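The values are calculated or read from the model by the stated rules, or taken from the named source; none is laboratory data. Values in this document were obtained by computation on a predicted structure and should not be read as measured data. Cβ coordinates were reconstructed from backbone atoms using ideal geometry, including for glycine residues, and neighbour counts include every protein chain displayed. Remember, those area values only see protein heavy atoms, side chains included, never the ligands or the DNA or RNA. Shrake-Rupley method; radii C 1.70, N 1.55, O 1.52, S 1.80 Å.
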Amino acid sequence: MPEWPKPVYAWYVIGLLSLANIVSLVDRQILALLVEPVRRDLGISDTGISLLHGFAFALFFSVAALPIARVADVRNRRNIIVVGIAVWSAMTALCGLARSFLQLFAARMGVGVGEATLNPCAYSMISDYFPPERRALPMGVFAAGIPLGVGVSLFVGAWVIETVSGWGAVSWPLIGTVQPWQMVFLIIGLFGFPVALLMLTVREPLRRQSVTDQHMAPGQGHSLRAVGAFFLTNRVTYATLFIGYTLMVSSASGINAWTPTFYIRTFGLTSSQAGYLMGLIALIGGPLGAIGGGALADWLQRRGVRTAKLRVLFFCALLLPVPGILGPLMPSINGAAGMLFCFFVLGSATAPTTLSAIQDMTPNRMRGQATALLYFLVNLIGIGLGPFIVALLTDYVFGDELALRYSLSIYSGIAYALAIALILMSFRPYRRSIAHALRGQ
């Protein structure tokens, strides 16, 4: 087996992948700061906003990720990411040209298609840059791009909103009148193109073949029947981990999408104030959790704990209901912000542990497809369903927009109770799957 890439270069790649992850989250999350002006100008309810924030993005992200991942398991993953960054950046800019709900919905779908390239390719590449016992930390750094992206989107979004709000509506040749919220999309969309150019400096890594892959020529992948047979053999492990993690993301997605609006409605903050506050929390708490969780999982695994990644995941899942349920019910903005910080720390630790655990048990030329299948559920159900259910509770159960805090709290409690049970069920089948993977290396 050839030597692993030099650590300095491997970490350079992690840095660029993390930057791409941050940009993708900025483009995805910026809508959370623009809820009120979008509702006003396009005449959309909270439920309609939830469809734009979650379902429009998640549907095409999820569907596109599966065929993209199959290509990524045999083709140049770096090139796929470069094209994806260009596509999602262009579609984000197009959101700024939308004049109706349907036009904005279509542009958000395009953002989802572009972003579907990143995770299957990135996690597969990271597995070829680092050995299993040192894999969770770099995956934690990459996963830290999620809360960093949320934080950057809120900080940069708040700054852009403050800047363009002073301009008022601007009339452009060929485009017509552009409102301040549309300018935000246009400006944010430009940020991704330099990152796409930087990704061209990354070399496609050598694939680390397991026994399952060794008979294959370069560019050759497993048949769909072989992939299906492998997933079927390990179905209990994949099902419990996939669904458990999806439920946690579902709660987190609802909180990410609606917390700025919750702060505005309940505590009287402005859009920019809510953006700066939540952005600061995400920028500090998210990376702390993602990197700390990954480092802890690697430390335990190097000491012989085969289920190290699941143990860290389960510990975080047990604690997450506390800030998830109590945070929205806090009587003061300081209390709510403190709980949100705890939520970001614990929640961000779940991504590297889950994804690293899945990579460890999956053959090289199936890893992109395993990641895409997970994100199919995460985005269609997690990102798509979380904000939608919170909005449904607010609009149709409580019938009061000031009851948003109760909707957030109720859904978090339900989602985390189910997630804890599923992750606990995953330990025994995961031990069997890992033992089988180790025999095949």
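Can you pull out the trypsin sites (Lys or Arg not before Pro) in segment 240-305 whose DSSP state is coil and whose Cβ has at most 16 other Cβ atoms within 10 Å? Before the final figure, lay out the partial values.
Values: sites: ARG265, ARG302, ARG303; in loops: ARG303.
Listed in order of number, the matching sites are ARG303.
So how far, in whole Å, is the C-alpha centre of segment 143-200 from the one of segment 369-411?
So the two Cα centres are separated by 25 Å.
Taking the solvent-accessible surface of protein heavy atoms with a 1.4 Å probe, what is the per residue accessible area of the chain in Å²?
Values: 16550 Å² over 441 residues.
Normalised by residue count, the accessible surface of the chain is 38 Å².
Amide H of VAL178: which non-local residues (sequence gap of 5 or more, or other chain) have their own amide H closer than 5 Å, using H built in the peptide plane?
Hits under the 5 Å cutoff: VAL170, SER171, TRP172.
Could you tell me the accessible area of CYS95 in Å² (1.4 Å probe, neighbours in place), rounded to the nearest ten?
Estimated to the nearest 10 Å², CYS95 gives 0 Å².
Between ALA297, ALA257, TYR245, whose Cα lies farthest towards the positive end of the dipole of segment 235-334 when Lys and Arg beta carbons carry +1 and Asp and Glu beta carbons carry -1, centred on the Cα centre?
My answer, from the dipole projection, is ALA297.
Pop out the carbon and sulfur fraction of the accessible area of the chain as a percent, whole number, probe 1.4 Å. Each step should come with its number before you reach the end.
Values: 11560 of 16550 Å².
Percent of accessible area from carbon and sulfur atoms in the chain: 70.
Tell me the trypsin sites (Lys or Arg not before Pro) within segment 97-162 that lie in a loop according to DSSP and have at most 14 other beta-carbon atoms within 10 Å. If you can, show how the numbers build up before the last one.
Values: sites: ARG99, ARG108, ARG134, ARG135; in loops: ARG99, ARG135.
Those that pass, being in a loop and sparsely packed, are ARG99.
Using just the helices of the chain, give the 222 nm mean residue ellipticity in deg cm²/dmol: DSSP H runs with n ≥ 4 each add -39,500 (n - 2.57), and the total is spread over all residues, rounded to 500. Intermediate values should be presented prior to the final figure.
Details: 21 runs with 324 residues, N = 441.
Dividing the helical sum by the residues of the chain leaves -24000 deg cm²/dmol.
Per Stokes-Einstein, at 25 °C and 0.890 mPa s, what whole-number D in µm² s⁻¹ belongs to segment 345-425, with the Kirkwood radius over Cα pairs as the hydrodynamic radius? Before the final figure, lay out the partial values.
Working: Rh = 14.7 Å.
Calculated translational D: 167 µm²/s.
For segment 230-271 and segment 59-117, what is the centre-to-centre distance using only Cα atoms, to the nearest Å?
Computed from Cα coordinates, the inter-centre distance equals 21 Å.
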